[in-house]
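Student: Below is one structure. I have some questions about it.
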Amino acid sequence: MRVRFTVSGVVQGVGFRPFVYALARELGLSGQVCNDASGVIVEVEGSPAAVLAFGARVGTDAPPLAVVEAVERAELPARGGTAFVIQDSIAGAGRTLVSPDVATCTDCWAEFGDPADRRYRHPFITCTNCGPRFTIITGLPYDRPATTMAGFPLCPDCAAEYADPGDRRFHAQPIACPSCGPRLTFTQAGAPPLSGEDGLAAAHQLLMSGAILAVKGIGGFHLVCDASDPDAVATLRKRKDRGGKPFAVMAADLATARCIAQISAAEEALLTGYQRPIVLLRRTACTAVSLLVAPGNPDLGVMLPYTPLHRLLFDQPGPTVLVMTSGNVSGEPIVVDDAEAFERLAALADGWLGHDRPIHVPCEDSVVRVADGAELPVRRSRGYAPYPINLATPVRPALAVGGDLKNTFCLGEGRYAWLSGHVGDMDDLATLDAFAKAEEHLEVLTGVRPELLVVDKHPSYRSRQWAQLHAAGRPVIGVQHHHAHLASVLAEHAYVGPPVIGFAFDGTGYGDDGAVWGGEVLLTSYESFERWTHLGYVPLPGGDAGVQNPCRMALAHLFAAGIPWGAGLPAVQACSEDERGLLNAQLVRNLACAPTSSMGRLFDAVSSLAGICHRAGYEAQAAIELEGAATGDGTPYHFEFEEPAELLHAVVRDVLAGVDVGVISLRFHLGVADLMVRTAERIRAERGISTVALSGGVFVNKLLLEASSRRLAAAGFVVLRHRRVPPTDAGLALGQLAVAARLPQRKEQGLCV
């Protein structure tokens with residue numbers, strides 16, 4: 001009996017062919033296996049029982065990094081023979097799923113630390129179970145000539161491992177050793193370059209001296225300094241023009257991470273998993289991390305070493321926790337090229353620890369947090385991209401370009417949607433260029449050739465302008481911002497059913513009436529939405545100027561509610577007399593005041609009213625610090641969407657009465673959660689809807705997400721929340737795709753832009 005099995009999914013670059021080889025040999029089967037552009041093709045021949053056993057186990061017993069999506073079978077005429085062979089890859093049309101970059105595996109760490117092993121302390125040790133994938137692939141099928149390792153010919157020892165089906169490095173495309181692999185180089189202005197151990201020693205000395213080191217990782221450069229040194233952290237913050245935005249840190253090991261942060265079992269699983277993201281944890285008072293790393297924030301973004309080079313940064317006496325932040329000037333894309341790093345990071349770094357393995361596409365670190373024991377993505381990039389989201393219903397080939405903040409884009413076709421890695425804020429030409437290159441790369445890897453492009457309806461978004469410029473005659477479809485947010489969580493859950501009650505809470509989104517939306521309750525399906533209710537409009541004075549000054553937002557909310565600007569309120573005290581006068585005139589005359597229903601702006605206002613944050617140095621600072629301040633017990637504030645004045649009166653009373661700011665924060669968060677439950681119950685009573693979807697950047701707030709989810713579930717609602725895609729604008733493109741790709745294949749009236 002001879003059967004051809006076509007296996008699709010993440011089955012290339014993960015040791016799938018040697019697994020098939022070993023399984024066939026174990027079952028006494030003859031035949032062959034090869035990669036093609038669609039996946040892995042296996043032909044096996046032998047007794048019917050053995051062939052059937054192979055068919056059952058090829059999907060269930062796959063290697064750890066493999067994800068088998070489907071196994072198709074077709075019977076063939078028997079050929080005879082006793083050998084089973086691994087054939088060369090077949091080029092051609094089709095589609096396979098590319099593995100993300102993954103952390104160094106246990107076996108490689110063991111070799112890395114073994115003085116008797118030829119890869120002892122090798123900065124680029126890897127095998128079929130670990131290492132770079134997405135960032136080094138230049139084409140498919142996934143073989144060494146289609147990677148950035150093509151320029152490193154294998155030495156005889158590595159070539160023997162690469163060709164041996166019984167070896168862990170069989171067809172491991174990034175395979176290398178000190179004899180034939182990439183070279184590590186330390187460079188410092190005015191000094192000759194140093195390689196190998198000499199370069200590492202010099203890099204250690206630089207970090208010990210309180211200087212800033214640029215280090216080339218898997219997906220780009222990091223800027224690194226001693227996290228315990230306040231002067232070094234302050235220097236890095238000033239050079240990057242970082243303001244008060246928190247830095248992420250890398251701890252030497254899990255024991256060190258436990259010293260600097262509280263870690264639950266779920267958080268430990270994320271820290272030590274093969275994705276190795278940055279995990280947001282509640283910090284401790286450990287002196288290994290300066291307070292300047294995350295000023296005013298009780299949380300700390302922590303990750304563990306995920307490459308051998310990272311491990312080498314900790315192998316000498318010195319810092320056990322390092323600041324590890326993106327190697328770029330704020331607002332620009334991460335630097336990936338060594339020569340470019342010397343130029344673009346010249347004003348930021350005191351030395352460069354690089355190497356000559358090219359990075360084909362940049363990929364930032366992913367960021368996650370845990371809410372109610374479940375993963376909540378904040379930034380989905382390294383370790384996750386480009387693994388696709390499985391869709392409930394097929395979509396036609398499309399490109400959704402996302403938004404302008406935290407941009408990611410999404411390619412979709414059939415039942416797959418591929419979200420890109422983190423691109424960044426689309427306000428810089430270099431970022432637009434990085435967007436174009438990343439989009440081209442993902443088209444190559446997925447084989448998707450978009451028939452339409454999907455954009456946000458905001459007329460000034462640069463992502464939209466890019467799509468219009470590159471449409472080449474294809475339709476360009478506009479999707480309302482908050483509709484896309486809610487569609488993203490529906491798509492993530494492969495939801496198929498009637499409309500849901502959607503709470504879309506964020507800072508800014510272009511509304512269909514031209515106002516700034518952001519506190520929306522929408523009855524939502526993929527095809528359409530009904531705006532059930534929203535936060536009452538308040539004036540947003542000066543656009544970005546209002547966003548960057550929560551104290552002004554607080555005064556605007558008081559003005560809209562008819563509450564005097566009492567001298568005893570911290571928000572009033574934070575504004576000078578001249579500033580208050582100008583703001584009052586602006587509000588009275590309605591000059592440059594866009595109406596907004598934004599929940600994010602309400603968080604800003606309450607944060608300032610409570611005396612927590614009056615001037616924001618980075619996005620969502622006021623809301624983040626408001627969440628971090630919450631403590632104690634408190635009765636939820638009561639208010640309605642259309643009339644937030646009741647809430648503002650209550651906050652002002654508590655502030656003037658000297659109630660602790662932590663209690664005010666808690667009462668506010670619980671009040672929003674209770675408002676959501678009351679609203680959902682009213683809709684259920686009228687429309688019979690019992691499924692709720694939560695999306696938008698406000699739901700990165702763990703306190704609000706947990707409080708609202710628990711209360712909604714207790715009230716009998718099914719709650720859909722983000723677990724694989726960020727609720728922020730970083731997940732917007734998936735929702736855009738899910739909405740627009742379902743529309744009829746014609747020029748959609750009223751939607752083309």
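The values are calculated or read from the model by the stated rules, or taken from the named source; none is laboratory data. In this text, all values refer to a predicted model and were calculated from it rather than measured experimentally. Every residue, glycine as well, gets a Cβ built from its backbone with ideal geometry; the counts of neighbours run over all protein chains shown.
Student: Looking at region 379-396 only, could you name the residues that are in a strand (DSSP E or B) and modelled with pLDDT under 95? Lay out the reasoning, then the answer.
Tutor: Taking region 379-396 and keeping what is in a strand (DSSP E or B), we get 379, 389-396.
Correct list: I389, N390, L391, A392, T393, P394, V395, R396.
Student: Let me spell it out: the conditions are (1) without any contact (Cβ under 8 Å) to a residue 40 or more places away in the chain; (2) over 21 Å from I212 (Cβ atoms); (3) over 20 Å from the mean Cα position of the chain (by Cα), and P308 meets all of them except one. Which number is the exception?
Tutor: (1)
Student: Tally the residues that are of a type in the set (A, V, I, L, M), part of a loop (DSSP other than H, G, I, E, B) and within 21 Å of L675 (Cβ to Cβ), restricting the search to region 613-648. Steps first, please.
Tutor: Within region 613-648, the first condition is being of a type in the set (A, V, I, L, M), and the residues that meet it are 616, 620, 622-624, 626, 629-630, 645, 647-648.
Filter again for part of a loop (DSSP other than H, G, I, E, B), leaving 616, 620, 630.
Imposing the further condition that a residue be within 21 Å of L675 (Cβ to Cβ) reduces the set to 620, 630.
Counting residues in region 613-648 that are of a type in the set (A, V, I, L, M), part of a loop (DSSP other than H, G, I, E, B) and within 21 Å of L675 (Cβ to Cβ) gives 2.
Student: Could you tell me whether region 370-378 includes any residue that is assigned by TED's automatic domain parsing to the domain that holds A214, within 17 Å of the chain's Cα centre (by Cα) and under 20 Å from V102 (Cβ atoms)?
Tutor: Looking only at region 370-378, we keep the residues that are assigned by TED's automatic domain parsing to the domain that holds A214, and these are none.
No - not one qualifying residue is present in region 370-378.
Student: Let me ask something additional. Would you mind telling me which numbered condition in (1) under 28 Å from P64 (Cα atoms); (2) modelled with pLDDT of 95 or more Y274 fails?
Tutor: With respect to (1) under 28 Å from P64 (Cα atoms); (2) modelled with pLDDT of 95 or more, Y274 is out only on (2).
Student: Looking only at region 712-723, which residues are basic (K, R) and surrounded by fewer than 19 Cβ atoms within 10 Å (Cβ to Cβ)? Talk me through it step by step, then tell me what you get.
Tutor: Narrowing region 712-723 to residues basic (K, R): 721, 723.
Selection gives R723 alone.
Student: Follow-up question, since we're still on this one. Checking the structure you have, find out if any residue of region 371-378 is of a type outside the set (A, V, I, L, M, F, W, C) and part of a strand (DSSP E or B). Full working, then the answer.
Tutor: First pass over region 371-378, keeping only residues of a type outside the set (A, V, I, L, M, F, W, C): 372-373, 375, 377.
Applying the additional criterion that residues be part of a strand (DSSP E or B) yields 375, 377.
Yes: one or more hits.
Student: Of (1) crowded, with 20+ Cβ neighbours inside 10 Å; (2) modelled with pLDDT of 95 or more; (3) touching a helix residue (DSSP H, G or I) at 6+ places or on another chain (Cβ under 6 Å), C127 satisfies all except one. Which?
Tutor: (2)
Student: Also: Just give me the residues in region 317-370 being among the β-branched types (V, I, T) and part of a loop (DSSP other than H, G, I, E, B), in sequence order.
Tutor: Let us first name the residues in region 317-370 that are among the β-branched types (V, I, T), namely 320-321, 323, 325, 329, 334-336, 359, 361, 367-368, 370.
Residues satisfying the conditions are T320, V329, I334, V335, V336, I359, V361.
For every residue, the table says whether it meets (1) hydroxyl-bearing (S, T, Y); (2) touching a Pro at 6+ places or on another chain (Cβ under 9 Å).
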position	(1), (2)
H310	no, no
F314	no, yes
G318	no, no
T325	yes, no
A339	no, no
L353	no, no
I359	no, yes
V367	no, yes
D404	no, no
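Student: Can I ask one more? With the structure loaded, tell me whether S89 is within 19 Å of G15 (Cβ to Cβ), in contact with a Phe, Trp or Tyr (Cβ under 9 Å, 6 or more places away or on another chain) and either aromatic (F, W, Y) or surrounded by fewer than 22 Cβ atoms within 10 Å (Cβ to Cβ) (or both) or whether it fails that test.
Tutor: Values: within 19 Å of G15 (Cβ to Cβ): yes; in contact with a Phe, Trp or Tyr (Cβ under 9 Å, 6 or more places away or on another chain): yes; either aromatic (F, W, Y) or surrounded by fewer than 22 Cβ atoms within 10 Å (Cβ to Cβ) (or both): yes.
Criteria met by S89.
Student: Can you list residue pairs whose Cβ atoms sit under 7 Å apart, with the first residue in region 445-466 being small (G, A, S) and the second being surrounded by 21 or more Cβ atoms within 10 Å (Cβ to Cβ)? Count only pairs 6 or more apart in sequence or on different chains.
Tutor: S463/V401; S463/G402; S463/G403; S463/D404; S463/N407; S463/M426; S463/V455; S463/D456
Student: A follow-up question, please. Sort out for me the strands (runs of 3 or more DSSP E) sitting completely within region 1-80 that have 2 or more residues that are under 27 Å from D107 (Cα atoms) and among the aliphatic types (A, V, I, L, M). Working first, answer last.
Tutor: Values: elements: 2-10, 30-36, 39-45, 67-76.
Hits in region 1-80: 2-10, 67-76.
Student: Assuming P317 fulfils every condition listed in (1) at pLDDT 95 or above; (2) closer than 19 Å to A203 by Cβ apart from one, which condition is it?
Tutor: (1)
Student: Report, by residue number, each residue of region 640-652 that is surrounded by 20 or more Cβ atoms within 10 Å (Cβ to Cβ) and within 34 Å of the chain's Cα centre (by Cα).
Tutor: If the condition is that a residue be surrounded by 20 or more Cβ atoms within 10 Å (Cβ to Cβ) and within 34 Å of the chain's Cα centre (by Cα), then P644, L647 are the ones that fit.
Student: Cβ contacts < 7 Å: first residue farther than 20 Å from V672 by Cα, restricted to region 520-532; second residue in a strand (DSSP E or B) and modelled with pLDDT of 95 or more, any location; separation 6+ or different chain. Result?
Tutor: T524/V500; T524/G502; T524/A693; F529/L522; F529/L523; E530/L522; E530/L523
Student: Name the pairs: first residue in region 654-679 and on the phi < 0 side of the Ramachandran plot, second residue surrounded by fewer than 21 Cβ atoms within 10 Å (Cβ to Cβ) and of a type in the set (A, V, I, L, M, F, W, C), Cβ to Cβ under 7 Å, at least 6 apart or on different chains?
Tutor: Note: pairs meeting the criteria are I664/V655; H669/L703; L675/F641; V677/A715; T679/F641.
Student: Considering only residues that are part of a loop (DSSP other than H, G, I, E, B) and in contact with a Pro (Cβ under 8 Å, 6 or more places away or on another chain), look in region 653-711 and name the one that is surrounded by the most Cβ atoms within 10 Å (Cβ to Cβ).
Tutor: To start, the set of residues in region 653-711 that are part of a loop (DSSP other than H, G, I, E, B) comprises 657-660, 688-690, 696, 701.
In the following step, the residues that additionally are in contact with a Pro (Cβ under 8 Å, 6 or more places away or on another chain) were identified as 689, 696.
Values: I689: 19, G696: 32.
Result: G696.
Student: Next question. Could you check region 453-478 and list, in sequence order, the residues that are crowded, with 23+ Cβ neighbours inside 10 Å and among the hydrophobic types (A, V, I, L, M, F, W, C)?
Tutor: Once the filter is applied, which keeps residues that are crowded, with 23+ Cβ neighbours inside 10 Å and among the hydrophobic types (A, V, I, L, M, F, W, C), region 453-478 yields L453, V454, V455, A467, I477.
Student: Sticking with this one: Is there any pair with a first residue in region 120-143 that is in the same structural domain as H171 (by TED's automatic domain parsing) and without any contact (Cβ under 8 Å) to a residue 40 or more places away in the chain and a second that is surrounded by fewer than 22 Cβ atoms within 10 Å (Cβ to Cβ) and among the charged types (D, E, K, R) whose Cβ atoms are under 9 Å apart and which are 6 or more apart or on different chains, and what are they?
Tutor: Hits for this filter: Y120/E111; Y120/D114.
Student: Moving on. Does region 389-430 hold any residues that are of a type in the set (D, E, K, R), surrounded by 17 or more Cβ atoms within 10 Å (Cβ to Cβ) and closer than 21 Å to V378 by Cβ, and which are they?
Tutor: Across region 389-430, the qualifying residues are D404, K406, D425.
Student: Report yes if some residue within region 269-281 is over 17 Å from the mean Cα position of the chain (by Cα), touching a residue at least 60 places away in the same chain (Cβ under 8 Å) and surrounded by 15 or more Cβ atoms within 10 Å (Cβ to Cβ); otherwise report no.
Tutor: Within region 269-281 (the criterion being over 17 Å from the mean Cα position of the chain (by Cα), touching a residue at least 60 places away in the same chain (Cβ under 8 Å) and surrounded by 15 or more Cβ atoms within 10 Å (Cβ to Cβ)), the answer is no, since none of the residues qualifies.
Student: For S598, indicate whether it is at pLDDT 95 or above, of a type in the set (G, A, S), in contact with a Pro (Cβ under 9 Å, 6 or more places away or on another chain) and closer than 20 Å to S665 by Cα. Working first, answer last.
Tutor: Values: at pLDDT 95 or above: yes; of a type in the set (G, A, S): yes; in contact with a Pro (Cβ under 9 Å, 6 or more places away or on another chain): no; closer than 20 Å to S665 by Cα: yes.
No; evaluated as a whole, the condition is false for this residue.
Student: Okay, next question. Anything in region 32-44 that is surrounded by fewer than 24 Cβ atoms within 10 Å (Cβ to Cβ), of a type outside the set (S, T, N, Q) and touching a strand residue (DSSP E or B) at 6+ places or on another chain (Cβ under 7 Å)? List them, or say none. Outline the logic, then answer.
Tutor: In the first step, residues of region 32-44 are kept if they are surrounded by fewer than 24 Cβ atoms within 10 Å (Cβ to Cβ); the result is 32, 34, 36-38, 41, 43.
Cutting the leftovers down to of a type outside the set (S, T, N, Q) gives us 34, 36-37, 41, 43.
Matches in region 32-44: C34, D36, I41, E43.
Student: Taking region 454-481 as the region of interest, how many residues are assigned to a loop (DSSP other than H, G, I, E, B), among the hydrophobic types (A, V, I, L, M, F, W, C) and under 26 Å from the mean Cα position of the chain (by Cα)? If you could, list the steps in order and put the result at the bottom.
Tutor: Taking region 454-481 as the starting set, the residues that turn out to be assigned to a loop (DSSP other than H, G, I, E, B) are 457-461, 470-475, 480.
Retained after the next criterion (residues that are among the hydrophobic types (A, V, I, L, M, F, W, C)): 471-472.
Cutting the leftovers down to under 26 Å from the mean Cα position of the chain (by Cα) gives us none.
Within region 454-481, residues that are assigned to a loop (DSSP other than H, G, I, E, B), among the hydrophobic types (A, V, I, L, M, F, W, C) and under 26 Å from the mean Cα position of the chain (by Cα) number 0.
Student: Looking only at region 150-170, decide whether some residue is of a type in the set (G, A, S), modelled with pLDDT under 95 and either in contact with a His (Cβ under 9 Å, 6 or more places away or on another chain) or assigned by TED's automatic domain parsing to the domain that holds Y21 (or both).
Tutor: Within region 150-170, one or more residues are of a type in the set (G, A, S), modelled with pLDDT under 95 and either in contact with a His (Cβ under 9 Å, 6 or more places away or on another chain) or assigned by TED's automatic domain parsing to the domain that holds Y21 (or both).
Student: Could you say which residue among A707, A738, A733, A713 is under 13 Å from the mean Cα position of the chain (by Cα), within 25 Å of V378 (Cα to Cα) and modelled with pLDDT of 95 or more?
Tutor: Working: A707 fails: under 13 Å from the mean Cα position of the chain (by Cα); A738 fails: under 13 Å from the mean Cα position of the chain (by Cα); A713 fails: under 13 Å from the mean Cα position of the chain (by Cα).
Testing whether each residue is under 13 Å from the mean Cα position of the chain (by Cα), within 25 Å of V378 (Cα to Cα) and modelled with pLDDT of 95 or more leaves just A733.
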